[in-house]
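Trainee: First, the structure itself, so that you have it in front of you.
Please treat every number below as a calculation from the coordinates, not as lab data. Given the structure is predicted, the values throughout are model-derived calculations rather than measurements. Virtual Cβ from ideal backbone geometry, glycine too; neighbours counted across all protein chains shown.
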Amino acid sequence: MTALAKLLEAALFASAHPVALSDLRNMVADDEATTEDVVAALEEIKQHYDDDGHGVELLEVAGGWQILTRPEFTEVIERAQLAARPQRLSAAALETLAIIAYRQPIGRADIEEIRGVGAGQMLKSLHERELIEVVGRGEGMGRPLLYGTTPGFLEQFALRHLGELPRGDELAIALRDPNAPLPEREVETASSRGEAADSLHLSGVSETTQPIEGTEQPRTAEAPA
């Protein structure tokens, strides 16, 4: 690998979280590399891991880049308790998180109307785990707080951006047959994500937890072989 690729590899290995492209670019002097050079070096690292059959891979996650264990080794590593795994979310927490993910920005009253139960404690728990955050205030009485997901949400569920949330047609297929191929995805907008949320009705645990549990689970940062 080139000297720049080795430098970026070392920086990514030292970080426990995804590192933004801008932060990687700022790490090198202006006269040493351009943004295009950094992107090319990242692709070089990724290709190196893939071609040489390493047990880790370089992925773009939550707006940054991170070295992660390959999926086929995650379960064995966790079983050996060599890596800490985020505490599993309850069905109620997953349901609340799914509602926020698809309907954001959304207020507590709307969440409670959809779920049919109080959401105060659940919102507090998700906020403490840095999966949701306050993103503004509504225009209704009392200017209620509006919630949205965080970069930590994307990181925990291995999503590059919210456009990778499962669509309604993808979820319907996954519920019938988890191994069935998904339809080709077109470029998505906030509107199309809202339509997907409407198609789920977001009223039952079986519908709202599946998109989250069906997402690729977080993997552990590991040293390359």
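Trainee: Counting other C-beta atoms within 10 Å, which of Leu59, Leu162, Leu24 has the fewest, and how do the rest follow? Please report the intermediate quantities before stating the final value.
Mentor: Working: Leu59 19, Leu162 16, Leu24 23.
With the fewest neighbours first, Leu59, Leu162, Leu24 line up as Leu162, Leu59, Leu24.
Trainee: Please compute the length gained on full extension between Glu130 and Val117, using 0.36 nm multiplied by the number of residues separating them and subtracting their Cα-Cα distance.
Mentor: 2.5 nm
Trainee: Quick one: order Asp37, Asp50 by neighbouring beta-carbon count within 10 Å, fewest to most.
Mentor: Ranked by crowding around the Cβ, least crowded first: Asp50, Asp37.
Trainee: Quick one: check the C-alpha center-to-center distance for region 1-58 versus region 94-118, whole angstrom.
Mentor: About 38 Å separates the Cα centre of region 1-58 from the one of region 94-118.
Trainee: Still on this structure, please answer the following. Measuring from label point to label point, each 7 Å out along Cα→Cβ, what is the His17 to Glu164 span in nm?
Mentor: 1.7
Trainee: Now, a different point. Extension gain Ile77-Gln47, at 0.36 nm per residue separation less the Cα-Cα distance, in nm?
Mentor: Difference between extended and current length: 8.4 nm.
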